[in-house]
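Colleague: Submitted below is the structure of interest, expressed as structure tokens.
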Amino acid sequence: MHAYPGHLSRRSVLRAGTASALGGLLGTALTGCGSAFTGTRLALGTGGSQGVYYTLGVSLADFWWHTLDLAQRPNVRTTAGSVQNLALLCSGTVDVIFSAADVADIALDQPSAPGRRPRALARIYDDALQVVVPVDSAITRLSDLRGKRVSIGASDSGVIVMADRLLATAGLSPEHDLTSSTLGIDESVAALRDGRIDAFFWSGGLQTPGITELASVRPIRLLDLADLLPQLRRSYPVYNIGTVPAATYKIPDRVTTVTVRNFLLVQDSMQDDLAEALVAGLFAASEQLVRASPAGRSIDARSAIGTQPVPLHPGAEHYYRSAKDYD
């Protein structure tokens, strides 16, 4: 096992009772005094540059770099989202990813090389499915998308998984009932703003920066999905029901929608003490993450262990047990 420098033990560093105390201990113990992780390089798989995955990933990379004294700032990769992220993780191309629970659930059933099974560091926040239309659109229900130009999410994203399932629940086929395209969040925002599509699907934290920016230049609405959710949840219990408040994007009314948990995932072969330190850094970085995105407020150690169906990484599990013992 790695030894922490000075008079602080690994146990005392990772058992700090509050985020501020933990941040201070990490800073004192690991910065400028040599570190167990000096020379370690990390790459993060996130999402589109206007999404919450990317925003939080940048903030986390900065915090981990400085507090763990890594060889260099972690490489934050923009990606299509959860599906691509899991492919990158299982191939060993990246070390840490963001993923929605529904896509991670699918990945657990796929074959993978030894040491490359996904394991969870933490549940971080919940995504809300957002079906975005212009405020003056005649589209008011999902069934109104028939015959319309709709982006259903990037091909390798978790958005497209949710969109396909929800559209099927509504009796719609992307191939036969829509003029569908597979755009990521950045491209979807630009296409709706310019009038090249009539609607787009997005699954992301609240607020999603790209949608906030869109709403500032072209007023929008979100479709209420309440009538479809009981049937969707019977087929896919991984989903939950939530709301998007009107104030989120200054939309006319709050809407009911489907939500899904988000996880930070690593390979099962990651060193236990590195995984433990990454989890410790996640909670120590709480102030920075909240400044980066409102979704950061939902990152809480009490709910972070709720990563079913993905097992916790042993290093993460040790962190949570240690923190509980300390409390």
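Colleague: Could you run through the range 156-179 and say how many residues are open to solvent by 50 Å² or more (accessible area, probe 1.4 Å), modelled with pLDDT of 95 or more and within 25 Å of the chain's Cα centre (by Cα)?
Modeller: Number of matching residues: 2.
Colleague: A follow-up question, please. Across the range 95-111, which residue is farthest from Gly306 (Cα to Cα) among those that are in contact (Cβ under 8 Å) with a residue 24 or more places away in the chain and surrounded by fewer than 24 Cβ atoms within 10 Å (Cβ to Cβ)?
Modeller: Ranking the qualifying residues of the range 95-111, first place goes to Asp95.
Colleague: So, of the residues in the range 180-201 that are touching a residue at least 60 places away in the same chain (Cβ under 8 Å) and touching a Gly at 6+ places or on another chain (Cβ under 7 Å), which turns out to be most open to solvent (accessible area, probe 1.4 Å)?
Modeller: Asp186
Colleague: Could I ask something else about it? Kindly provide the set of residues from the range 204-255 that are open to solvent by 20 Å² or more (accessible area, probe 1.4 Å), of a type in the set (Val, Ile, Thr) and more than 29 Å from Asp105 (Cβ to Cβ), ordered by number.
Modeller: Listed by number, the residues that qualify are Thr212, Val217.
Colleague: Looking at Leu264 and the list (1) over 22 Å from Leu88 (Cβ atoms); (2) touching a residue at least 12 places away in the same chain (Cβ under 8 Å); (3) outside any helix (DSSP H, G or I), which single condition is not satisfied?
Modeller: Every listed condition holds for Leu264 apart from (1).
Colleague: Could you tell me whether any residue of the range 131-150 is buried (at least 24 other Cβ atoms within 10 Å of the Cβ), of a type in the set (S, T, N, Q) and at pLDDT 95 or above?
Modeller: No, the range 131-150 contains no residue that is buried (at least 24 other Cβ atoms within 10 Å of the Cβ), of a type in the set (S, T, N, Q) and at pLDDT 95 or above.
Colleague: Mind checking which pairs have a first residue in the range 227-252 that is without any contact (Cβ under 8 Å) to a residue 12 or more places away in the chain and a second that is loosely packed, with under 13 Cβ neighbours inside 10 Å and not β-branched (Val, Ile, Thr), Cβ under 7 Å, 6 or more apart or different chains?
Modeller: As it stands, the answer is Ala246/Pro252; Ala246/Asp253, since those pairs meet every condition given.
Colleague: If you check Leu68 against the conditions, is it farther than 23 Å from Ala295 by Cα, touching a Ser or Thr at 6+ places or on another chain (Cβ under 9 Å) and at pLDDT 95 or above?
Modeller: When the stated conditions are applied, Leu68 does not pass them.
Colleague: Follow-up. How many residues are in contact with a Gly (Cβ under 8 Å, 6 or more places away or on another chain) and among the hydrophobic types (A, V, I, L, M, F, W, C) when one looks only at the range 86-112?
Modeller: Of the residues in that region, 8 qualify.
Colleague: Any idea how many residues of the range 57-87 are in a helix (DSSP H, G or I), among the hydrophobic types (A, V, I, L, M, F, W, C) and open to solvent by 20 Å² or more (accessible area, probe 1.4 Å)?
Modeller: 5
Colleague: I've got another one for you. State which residue is farthest from Ser188 (Cα to Cα) when the search covers only the range 114-123 and only residues that are at pLDDT 95 or above and out of contact with any helix residue (DSSP H, G or I) (no Cβ under 7 Å at 6 or more places or on another chain).
Modeller: Arg119
Colleague: May I pose another question? Looking only at the range 285-316, which residues are outside any loop (DSSP other than H, G, I, E, B), open to solvent by less than 10 Å² (accessible area, probe 1.4 Å) and touching a Gly at 6+ places or on another chain (Cβ under 7 Å)?
Modeller: Across the range 285-316, the qualifying residues are Leu289, Ala295.
Colleague: Hey, among the residues in the range 30-56 that are at pLDDT below 90 and surrounded by 24 or more Cβ atoms within 10 Å (Cβ to Cβ), which one's farthest from Phe98 (Cα to Cα)?
Modeller: Checking each candidate, the answer is Leu30.
The values are calculated or read from the model by the stated rules, or taken from the named source; none is laboratory data. All figures in this text were calculated on a predicted structure; none of them were measured in a lab. Neighbour counts are summed over all protein chains in view; Cβ atoms, including those assigned to glycine, are modelled from backbone coordinates with ideal geometry. Side chains are part of the model used for accessible areas, which takes the heavy atoms of the whole protein and leaves out ligands, DNA and RNA. Shrake-Rupley method; radii C 1.70, N 1.55, O 1.52, S 1.80 Å.
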